[in-house]
Amino acid sequence: MTEDARHQQRIREQYAPETGALFYRRVMGDGAPAIHYGIYQNTTTPMREATLAATERLLEIASRTAGGLPPRQVLDLGAGPGGPAHHIAARTGAIVTCVDLCEPHNRENESLAAALGLAANIRTWCGSFESLPADWSGRFDLVWSQEAVCHALDPDAVFREAFRVLRPGGALAFSDILLADDADEEMAAAFRMVNAVASFRTATEISACMTRRGFVAVRHEDWSEHLHENFRRMRHQINRHRHELCDAGVHTDLLKRFAASLDQRLSWPTGSILRWVAMTAKKSSMEPETGTQSIKFK
Ligand SMILES: C[S@@+](CC[C@H](N)C(=O)[O-])C[C@H]1O[C@@H](n2cnc3c(N)ncnc32)[C@H](O)[C@@H]1O
């Protein structure tokens with residue numbers, strides 16, 4: 001098995017089993033199909049309100065990046081069970097193509113979309129966002145992702161693909177967990193022990209990667225101040241749903257390891273090791289030059 005295949009296997013083991021899906025639905029989504037962090041106004045903000053606020057804020061800065069034009073074709077990288085995709089479709093009327101490695105996520109995404117009356121707006125594709133279909137080039141107005149790019153073995157491949165599938169003038173908007181600029185990768189081990197993340201990158205490294213791939217107007221907004229509250233809420237959800245999760249077959253060892261991981265993260269000074277960042281960029285509306293230009297002198 002190649003390193004790539006082994007890593008993808010780890011990702012599927014984390015999210016795809018029924019027990020994995022239930023764990024994340026309870027611990028991160030509070031019952032909603034959202035496997036991402038939330039923006040908390042205060043310590044009493046309901047979890048669902050916070051996760052929705054993060055999607056809303058990302059959509060707001062994505063729209064600003066796109067010059068206010070509503071997207072018609074959106075690509076969601078690592079869409080999971082589809083909470084953000086459904087929200088984008090409902091708010092903008094766009095067709096959202098959802099990419100995920102886990103087939104059960106795609107099935108759940110489709111059935112939830114149908115229940116919401118959004119079946120015509122949601123498409124799914126099972127595969128890796130590091131290698132998208134060749135015929136998607138130039139197809140999308142907005143490439144979107146929440147908390148999924150950190151799973152990539154090769155982030156450079158993700159930005160190469162995102163750039164390729166965007167139409168000229170299209171926007172990229174994603175939020176993700178990144179390494180603090182002056183932190184040592186080893187310090188983030190408490191996060192990696194329960195997440196299929198091979199290694200973290202800093203915002204500086206990711207910005208450089210995006211620029212190298214041709215993106216312009218690369219900007220970021222730091223949401224790290226919300227991380228502590230997210231970890232605290234997840235810890236609370238594990239305690240609150242422990243019996244239901246165990247009865248459903250979630251291994252007690254996972255619950256213990258996850259709780260220990262969260263306890264360690266809670267001891268970190270805010271943003272000192274991991275940061276939560278939203279990034280946006282554009283594909284220039286001028287057609288890029290392809291290949292080497294050769295000029296014939298007469
Ligand atoms: C933390 S979840 C985020 C799900 C969704 N974006 C949300 O906010 O609810 C990460 C998702 O990315 C998917 N994923 C990770 N690596 C992937 C890859 N290389 N290609 C496609 N999907 C991937 C996982 O299967 C998982 O569903």
Inset, instruction - Please indicate, with yes or no, whether at least one residue in segment 89-96 is touching a helix residue (DSSP H, G or I) at 6+ places or on another chain (Cβ under 9 Å) and within 12 Å of the ligand (Cβ to nearest atom). - result: yes
Legend entry - Residue match in segment 233-243 (condition: modelled with pLDDT of 95 or more, surrounded by fewer than 13 Cβ atoms within 10 Å (Cβ to Cβ) and under 27 Å from R10 (Cα atoms)): yes
Inset, instruction - Provide a single number: the residues in segment 10-29 that are within 18 Å of the chain's Cα centre (by Cα) and either within 14 Å of R232 (Cβ to Cβ) or not in a helix (DSSP H, G or I) (or both). - result: 4
Inset, instruction - Could you grab me the full set of residues in segment 1-43 that are under 12 Å from P81 (Cβ atoms), within 11 Å of the ligand (Cβ to nearest atom) and of a type in the set (G, A, S)? - result: A16, G20, A21, G29, A32, A34
Legend entry - Evaluation of E108 against (1) away from the ligand (no atom under 13 Å from the Cβ); (2) assigned to a helix (DSSP H, G or I); (3) of a type in the set (D, E, K, R) (one fails), failing number: (1)
Inset, instruction - Please tell me if A173 is on the phi < 0 side of the Ramachandran plot, under 16 Å from the mean Cα position of the chain (by Cα), assigned to a strand (DSSP E or B) and modelled with pLDDT of 95 or more. - result: yes
Legend entry - Per-region count, segment 44-69, residues in a helix (DSSP H, G or I) and either within 16 Å of the ligand (Cβ to nearest atom) or of a type in the set (V, I, T) (or both): 16
Legend entry - Pairs with Cβ under 7 Å, 6+ apart, first in segment 214-225 and assigned to a helix (DSSP H, G or I), second of a type in the set (S, T, N, Q): S224/T270; E225/T270
Legend entry - So P84, is it in contact with an Asp or Glu (Cβ under 8 Å, 6 or more places away or on another chain), assigned to a helix (DSSP H, G or I) and surrounded by 24 or more Cβ atoms within 10 Å (Cβ to Cβ): yes
Legend entry - Selection from segment 123-132 of residues that are within 13 Å of the ligand (Cβ to nearest atom) and part of a strand (DSSP E or B): T124, W125, C126
Legend entry - Condition met for D176 (of a type in the set (D, E), in contact with a helix residue (DSSP H, G or I) (Cβ under 7 Å, 6 or more places away or on another chain) and over 26 Å from A5 (Cα atoms)): no
Inset, instruction - For residues that are within 12 Å of D76 (Cα to Cα) and within 15 Å of the ligand (Cβ to nearest atom), scanning just segment 133-149, find the one that is surrounded by the fewest Cβ atoms within 10 Å (Cβ to Cβ). - result: E147
Inset, instruction - Considering every residue within segment 71-80, establish whether at least one is more than 16 Å from the ligand (Cβ to nearest atom), assigned to a helix (DSSP H, G or I) and not acidic (D, E). - result: no
Inset, instruction - Residue by residue through segment 188-204, note down the ones that are touching a residue at least 24 places away in the same chain (Cβ under 8 Å), within 16 Å of the chain's Cα centre (by Cα) and part of a loop (DSSP other than H, G, I, E, B). - result: N195, A196, V197, A198, F200, R201
Inset, instruction - Could you figure out which of (1) assigned to a helix (DSSP H, G or I); (2) surrounded by 15 or more Cβ atoms within 10 Å (Cβ to Cβ) isn't true of A120? - result: (2)
Inset, instruction - Search segment 41-60 for residues that are farther than 16 Å from G29 by Cα and pair each with any residue that is part of a helix (DSSP H, G or I) when their beta-carbon atoms are under 7 Å apart and the residues are at least 6 apart or on different chains. - result: T43/E229; L59/I88; L59/R91
Inset, instruction - Please name all residue pairs, on different chains or six or more residues apart, with Cβ atoms under 7 Å, provided the first residue is in segment 84-111 and is farther than 25 Å from G20 by Cα and the second residue is of a type outside the set (A, V, I, L, M, F, W, C) and surrounded by 22 or more Cβ atoms within 10 Å (Cβ to Cβ). - result: T92/P71; A94/P71
Legend entry - Filter result for A188 (of a type in the set (G, A, S), within 16 Å of the ligand (Cβ to nearest atom), in contact with a strand residue (DSSP E or B) (Cβ under 8 Å, 6 or more places away or on another chain) and more than 26 Å from A62 (Cα to Cα)): yes
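The values are calculated or read from the model by the stated rules, or taken from the named source; none is laboratory data. Just so it is clear, the structure is predicted and the values come from calculations on it, not from any experiment. Cβ coordinates were reconstructed from backbone atoms using ideal geometry, including for glycine residues, and neighbour counts include every protein chain displayed.
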